[in-house]
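The values are calculated or read from the model by the stated rules, or taken from the named source; none is laboratory data. Because the structure is a prediction, the values reported are computed rather than measured. Neighbour counts are summed over all protein chains in view; Cβ atoms, including those assigned to glycine, are modelled from backbone coordinates with ideal geometry.
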Amino acid sequence: MHAPPLVGFRVAPPLRFLSPTKLRTYATCPLQYRYRYVDRLEAPYTPASLVGQAIHETLEVNFRAKKHTRRDLPMFEAQEEFDRVWDRHAPGPTGAADFDDAWEDAYEGGRQALEHYLTEAAAALVPHLVEHRFRFTVPSVPWPVVGTVDLVDHNGTVIDFKTSRRPYDATYLDSDLQLMCYAIGYAAFRAGSRVRPGELPSPYFIPNVRVDVLVIGDPPSVQRLEARYDREHLREFGERAASIAAGIEAERFEAFWRAPDAVEDASVCRRCAYADRCPDALVLPDELLKADGEDGDQEE
Ligand code: SF4
């Protein structure tokens with residue numbers, strides 16, 4: 001099944017804000033950023049990205065309810081929520097065995113990973129804030145950063161949920177722009193008027209961060225990564241955000257692997273929603289159905 005080629009027309013209104021997803025997308029591949037935010041091309045779900053989305057939405061519903069009830073959802077309600085999201089976006093059977101099998105496998109794997117998480121890990125979480133909006137400014141960046149933190153627990157730890165077919169690299173949090181945004185966003189919220197306009201909050205206000213990776217497999221498992229960002233992390237974040245903003249302003253939207261000294265890493269394209277249509281993709285369309293998962297981030 002081949003998608004139509006990408007057409008490079010631009011219809012985007014002027015940029016008003018950055019988001020963790022925009023920053024991460026540009027850092028991953030400027031061309032992917034262009035497709036998504038400048039050309040505004042539709043990005044159809046893959047089996048892996050729909051698993052991420054269905055788990056993300058189900059956990060959001062679970063923790064919103066738990067804030068009041070202090071209990072996780074009964075399993076059948078959580079599974080109904082997962083199915084509701086799945087049925088809204090998944091294609092029906094096509095008769096093409098590989099295609100249908102990939103979607104069926106993803107559905108089963110996602111349901112099992114969700115059940116495992118709710119049984120083994122969710123009980124220890126006491127939600128304080130769920131889907132909490134934030135906004136902060138970065139020196140030398142002309143737009144504010146706006147986004148939503150998945151969960152802040154009662155200890156003030158910022159928690160994000162991911163899904164993947166394999167565990168993340170142990171150093172993932174050291175450089176993840178998205179989690180840094182969440183930490184800074186919550187810090188800015190906590191610091192309030194103590195943050196001067198155009199500056200990042202003091203490291204004193206930066207919370208602990210954690211990502212729970214729901215690893216889809218047989219059996220499923222949960223990987224927990226934790227970090228605490230310091231002054232050096234904030235400085236690096238500020239530099240990277242300013243560099244990305246400069247690239248967006250200058251409309252530098254080349255494929256990531258065309259940058260000087262870049263590595264031609266096909267796994268980046270395997271996780272890209274536009275890989276089936278991108279002329280610069282490093283993978284063939286047939287390799288994409290079993291690609292590794294995205295985390296189902298909702299657009300900020
Ligand atoms: S397929 Fe690869 S090169 Fe093309 S936009 Fe996606 S990540 Fe970039």
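Structure data summary
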| item | result |
| --- | --- |
| Filtered residues of the range 261-278 (kept if more than 8 Å from the ligand (Cβ to nearest atom) and either assigned to a helix (DSSP H, G or I) or within 17 Å of Glu42 (Cα to Cα) (or both)) | Ala266, Ser267, Arg270, Asp276, Arg277 |
| Qualifying residue in the range 103-125 (condition: part of a loop (DSSP other than H, G, I, E, B), in contact with a strand residue (DSSP E or B) (Cβ under 9 Å, 6 or more places away or on another chain) and in contact (Cβ under 8 Å) with a residue 60 or more places away in the chain) | yes |
| Which numbered condition Ala227 fails, given (1) assigned to a strand (DSSP E or B); (2) buried (at least 20 other Cβ atoms within 10 Å of the Cβ); (3) not acidic (Asp, Glu) | (2) |
| Selection count where residues are in contact with a strand residue (DSSP E or B) (Cβ under 8 Å, 6 or more places away or on another chain) and under 30 Å from Glu249 (Cβ atoms), scope the range 132-161 | 18 |
| Pairs, first closer than 24 Å to Ser140 by Cβ in the range 248-272, second within 9 Å of the ligand (Cβ to nearest atom) and β-branched (Val, Ile, Thr), C-beta under 7 Å, six or more apart | Phe256/Thr28; Phe256/Val268 |
| Condition check for Phe253: modelled with pLDDT of 95 or more, within 11 Å of the ligand (Cβ to nearest atom) and buried (at least 18 other Cβ atoms within 10 Å of the Cβ) | yes |
| Selection from the range 74-102 of residues that are surrounded by 15 or more Cβ atoms within 10 Å (Cβ to Cβ), among the hydrophobic types (A, V, I, L, M, F, W, C) and part of a helix (DSSP H, G or I) | Ala78, Phe82, Val85, Trp86, Phe99, Ala102 |
| Every residue from the range 27-69 that is part of a loop (DSSP other than H, G, I, E, B), within 14 Å of the ligand (Cβ to nearest atom) and not charged (D, E, K, R) | Cys29, Leu41, Ala43, Pro44, Thr46 |
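Residues are listed down the side, and each one gets a yes or a no for (1) assigned to a loop (DSSP other than H, G, I, E, B); (2) not small (Gly, Ala, Ser):
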position: Leu151; (1), (2): no, yes
position: Asp160; (1), (2): no, yes
position: Pro167; (1), (2): yes, yes
position: Ala170; (1), (2): yes, no
position: Leu173; (1), (2): no, yes
position: Cys181; (1), (2): no, yes
position: Ile184; (1), (2): no, yes
position: Ser193; (1), (2): no, no
position: Pro197; (1), (2): yes, yes
